Amino acid sequence: MTEIERHSFDVVVIGAGGAGLRAAVEARAAGLRTAIICKSLFGKAHTVMAEGGIAAAMGNVNSKDNWQVHFRDTMRGGKFLNNFRMAELHAKEAPDRVWELETWGALFDRTKEGKISQRNFGGHEYPRLAHVGDRTGLELIRTMQQAIVSLQQKDAVEFGDAEARIKVFAETTITEIIKDGDRAAGAFGYIRETGNLILFEAPAIVIAAGGIGKSFKVTSNSWEGTGDGHALALKAGGKLVDMEFVQFHPTGMVWPPSVRGILVTESVRGDGGVLRNSEGRRFMFDYIPEVFKEKYAQSEEEGDRWYADPDNNRRPPELLPRDEVARAINSEVKAGRGSPHGGVFLDVSTRLAPDVIKKKLPSMWHQFKELADVDITTQAMEVGPTCHYVMGGILVDPDTGAASGVPGLFAAGESAGGMHGSNRLGGNSLSDLLVFGRRAGAGAVAYFQSLSGNTPKVSDASITKASDHALAPLRNPGGENPYTIQADLQQVTNDLVGIIRTKSELEESLSKLKGFRARLANITCPGGSAFNSGWHLALDLENMLLVSDCIAHAALIREESRGGHTREDFPKMSAEWRKFNLVSHFTNGEVAVEKLALPEMRDELLNLFDIEELGKYMTPEELTRHSKGANA
Amino acid sequence: MTRTAKFRVWRGDASDGALKDYNIEVNEGEVVLDVIHRLQATQTPDLAVRWNCKAGKCGSCSAEINGRPRLMCMTRMNTFTDEETITVTPLRAFPVIRDLVTNVSFNYKKALEIPAFAGPAHLKPGEYRMEQIDVERSQEFRKCIECFLCQDTCHVIRDHEENKEAFAGPRFFIRLAELDMHPLDTLDRKRAAQEDHGLGMCNITKCCTEVCPEHIKITDNAIIPMKERVVDVKYDPVRWLGSKIRRREGL
Ligand SMILES: Cc1cc2nc3c(=O)[nH]c(=O)nc-3n(C[C@H](O)[C@H](O)[C@H](O)COP(=O)(O)OP(=O)(O)OC[C@H]3O[C@@H](n4cnc5c(N)ncnc54)[C@H](O)[C@@H]3O)c2cc1C
Ligand code: SF4
Ligand code: SF4
Ligand code: FES
């Protein structure tokens, strides 16, 4: 057997984005020995790219805001498919998580009173997103990184070793969760720099490995977004919920081709940017769906007034939830009213002065100037939908983050599912990371303590199996190039499992995806094992395929359109379908998907909504529980 | 719009390496990182390179392009002539791991040496009040994406391994300045910058500012003010004490 580096920890956190770092802080605060593992350098996780802000009902800009309003907005955004308990905990705890960042050194933009400023975003009733220009994710990740460093500094004083209780393993990729019977026992992987294999023995493992965007051709995600966390949990016997719901952000760059998909933050619209088609029409007014009619401006004049006087006017439809805007852009382009490079126009120069744009949207200005030769202070941007976020993820207990089906496994952040239902509101991810990162960390601590020494063991046989698996692409001569397979896979998901789906295309995608299994078994990666990008991709591909398979399966079964899942052949939302989540698991080498009843909202939460509104989503029987319902 | 470009990429590891020549397709609108990716996908799949965001936000893709420290994802191909050979080499100030990937652990070690933000003990979370104008100075430095290009270019450590022990480098001078200018930080950063982190070794050449992709005015806004005030602090202890007391009262 190849030499394998071995480590032993109380808690292992896979992922150094906002969720992983917050979980690690919690585990370390309880005095447990904690490892943080990430594929890139420390501080580079996907979270760093978040732009617009972090949603928390602090009420600093509009004092009418509170957790109930935030809860309602989140449920509406998710079309009431959200796990209500997660949405509730999230809305209640987000402000504390943001304030805590300040005590760790974060510097958010301020209001006149010196409080944290908050901005408007799609689907949020009041200005709610704490932000730092348009680089909020950078602030979050740096603050968390510095919070970890400060704990290490304390340990250096107390133990003479900064890494005594919290150690970061950067550029290390986990390829397998190892179990002892039912229970999680460790995590196995490789070190990118050397190609050496590494084993972490730990009874409690938190998966916070981010999203899946790289399974699609046009995406805002980096190379890291290969669905590793989803796949690790699935292969370990965990379950994935809501995988059919994939968020296509309405505004990605469309030109030049090499930057296609890179995000144009929603703040551009929140701060006054308007969408127009090639005829100059503000087409979003034509796409306000029935369920949102009362909440959005019906004329351009009213929409324009809203920026100055939000209390007496309704917001412009550019700020509808993302799924609505993405579909509208898609339709405009299909109808031949697109921009020269296949998008639509997004223009902020007509409302804001150049210096204001540069101040509020500095990185957008920079991004367009440097990458597309477009000056957004005077010119419109060309934008189109890009795969951005996966609502689906590991099925967890809302309060503790415990993954269903695998004792000792926990999940948080984009890897976990349920919180956002069928569609996530902008800004609700960064807050989700912190709220549920902390909870998963605490869940791992409680689990560890409950073991009282009865710790699972990693068997030699499981190590051999894991290492053979990881090394296979390096040992196989004469096979296929992983980059070609990746491009082909992305094309299939793009063409057949994208924004608009149909039965026949989904069936076709499933049979095509099957064909990739044989190709994956026959990958060849020339070169050694040290920092071999081709080898890394070969291992990531397996996860991308598994995730794509779950998405296509679930998308085929759900015969309705809701949030991030649109079926051309079932264009309506169905109250019957709302009663179920679709749950994927992986048995005997095959993905299987089954229905699971959606947990029912507690009465006091149900009563936060008007019964008329609920009537648009729920069956008549469900409404009887409302205080104004038939049984009241 | 497709053309063939001449690339010269450093290939090798800690023990040995050399520049290798490639002819490679380039399309309209592309950046150097796109071309490196195409090399990976079509000619040399094991080429080692770091990247994440492809939009100048994460600071992963740092390298030297024609000898100049740059982000590969923000270097447009149309800034070079068609005939030009584009040479891409790893950051010189750090030990090579493989190809374009270097060992940047020096920077993480330095980060650990700077005491964390120390907020006022009497304020609870949610009670912090700061004016926008007061946070903006520090915010400029918090734009840093940790690409370490400034560290790479700084002559104090670029070819002087022996200076690394005592010198934190421009990235960490702005970290110290950021904390120093943070309206609610309670530690003395200026003295530390000078005595513990080697600020005195900087002779204000401004090379760091020139390469910063975030356009942070490292020298003018961080290093020079810190140096000036270090002088104040060093020679006028009474004034230093006064400033700290006033600041506490102002909370
Ligand atoms: C361009 C962009 C802008 C966004 N803007 C916003 C915004 O304004 N507001 C908002 O709320 N949300 C925003 N989002 C969404 C949000 O940023 C992400 O959902 C969130 O950052 C995910 O955080 P995370 O902690 O779950 O994982 P990530 O930050 O994705 O981190 C995942 C971590 O897991 C590690 N990892 C993955 N696989 C493995 C493995 N196999 N082994 C070891 N480590 C592994 C990675 O290296 C990384 O450290 C944006 C997303 C993008 C792409
Ligand atoms: S100004 Fe100082 S820190 Fe910056 S490059 Fe020159 S010597 Fe180095
Ligand atoms: S200061 Fe500028 S050059 Fe230096 S690490 Fe930060 S972003 Fe890079
Ligand atoms: S890839 Fe992120 S800065 Fe270049």
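The values are calculated or read from the model by the stated rules, or taken from the named source; none is laboratory data. What you see is a predicted model, and the numbers here were worked out from it, not measured in a lab. Heads up, the Cβs are rebuilt from the backbone with ideal geometry, glycines too, and the neighbour counts pull from every protein chain shown. To get the accessible areas, we keep the full protein, side chains included, count just its heavy atoms, and leave off ligands, DNA and RNA. Shrake-Rupley method; radii C 1.70, N 1.55, O 1.52, S 1.80 Å.
Can you give the mean number of other chain Cβ atoms that lie within 10 Å of the Cβ atoms in peptide A:365-371?
4
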Taking every other residue with Cβ under 9 Å from the Cβ of A:ASP134 and scoring Lys and Arg +1, Asp and Glu -1, one gets +1
What helix-only [θ] at 222 nm does the protein assembly as shown give? Using -39500 (n - 2.57) per DSSP H run of at least 4, over all residues, to the nearest 500, the answer is -11000 deg cm²/dmol
Hits in the stretch B:188-205: amide N under 20 Å from the 7 Å Cα→Cβ extension of A:LYS154, namely B:188
Inter-chain shielding metric for B:121-128, i.e. average beta-carbon neighbours from other chains within 10 angstrom, reads 5
Per DSSP, the loop-located GluC sites (Glu not before Pro) within the stretch A:234-343 having at most 14 other beta carbons within 10 Å are A:GLU279
With a ≥ b ≥ c from the Cα gyration tensor eigenvalues, square-rooted, and the rule rounded for a/c under 1.5, otherwise prolate when a/b > b/c and oblate otherwise, the protein assembly as shown is rounded
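Note down the Stokes-Einstein diffusion coefficient of the stretch B:145-197 in µm²/s, whole number, using a Kirkwood radius over alpha carbon pairs, 37 °C, and 0.692 mPa s.
In µm²/s, the coefficient rounds to 275.
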Within the stretch A:139-156, the residues whose backbone N lies under 19 Å from a label point placed 7 Å from the Cα of B:ALA121 along the Cα-to-Cβ direction are A:151, A:154-155
Per the C-alpha gyration tensor (a ≥ b ≥ c, the square roots of its eigenvalues), the stretch A:362-460 is rounded if a/c is under 1.5, else prolate if a/b beats b/c, else oblate; here it's prolate
Buried accessible area between A and B, both sides, 1.4 Å probe, in Å² rounded to 100, is 5100 Å²
Distance in Å, no decimals, from the C-alpha centre of the stretch A:308-359 to the one of the stretch A:256-276 is 8 Å
With DSSP loop assignment and no more than 14 other C-beta atoms within 10 Å, the GluC sites (Glu not before Pro) in the stretch A:539-628 are A:GLU559, A:GLU568, A:GLU576, A:GLU600
Taking a straight Cα-to-Cα line shorter than 19 Å from B:LYS164, and setting aside same-chain lysines fewer than 8 residues away, one finds B:LYS109, B:LYS110, B:LYS206
Expressed in nanometres to one decimal, the distance between label points 7 Å along Cα→Cβ at B:GLU228 and B:GLU131 is 1.9 nm
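Once you average over the residues of B:135-145, how many Cβ atoms of partner chains fall within 10 Å of each Cβ? Please list the in-between numbers first.
Working: counts 6, 4, 1, 2, 7, 0, 1, 9, 8, 2, 6.
Across B:135-145, the average partner-chain Cβ count within 10 Å equals 4.
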Surpassing 26 Å at the alpha-carbon level, of the pairs A:LYS217/B:LYS20; A:LYS39/B:LYS143; A:LYS154/B:LYS57; A:LYS44/A:LYS115, are A:LYS217/B:LYS20; A:LYS154/B:LYS57; A:LYS44/A:LYS115
Computed Rg/Rh for the stretch A:1-118 (Cα atoms; Rh = Kirkwood radius) stands at 1.06
Residue separation between A:GLU5 and A:GLU300 times 0.36 nm, minus their alpha-carbon distance, gives in nm 99.9 nm
Note on the stretch A:188-328: alpha-carbon gyration tensor, axes a ≥ b ≥ c; rule is a/c under 1.5 for rounded, else prolate if a/b larger than b/c, else oblate; result prolate
Among B:HIS122, B:MET77, B:ILE133, the residue whose Cα sits farthest towards the positive end of the charge dipole of chain B, when +1 is placed on the Cβ of each Lys and Arg and -1 on the Cβ of each Asp and Glu, is B:HIS122
Carbon/sulfur accessible area of the protein assembly as shown, % of total, 1.4 Å probe, equals 51 percent
Its Cα gyration tensor gives the stretch B:1-99 an equivalent ellipsoid whose semi-axes in whole Å, largest first, are 20, 16, 13
Of all trypsin sites (Lys or Arg not before Pro) in the stretch A:109-212, the ones in DSSP coil with at most 14 other Cβ atoms within 10 Å are A:LYS112
By the Kirkwood definition, with r running over pairs of different Cα atoms, chain B has a hydrodynamic radius in Å of 20.1 Å
Over 19 Å (Cα to Cα) among A:LYS295/A:LYS628; A:LYS112/A:LYS359; A:LYS79/A:LYS360 -> A:LYS295/A:LYS628; A:LYS79/A:LYS360
The summed charge of the A:ILE37 Cβ neighbourhood (under 12 Å; Lys/Arg +1, Asp/Glu -1) stands at +1
Reduced to Cα centres, the span from the stretch A:126-151 to the stretch A:8-50 in Å works out to 15 Å
Dividing the surface of the Cα convex hull of the stretch B:135-228 by four yields a projected area in nm² of 5.5 nm²
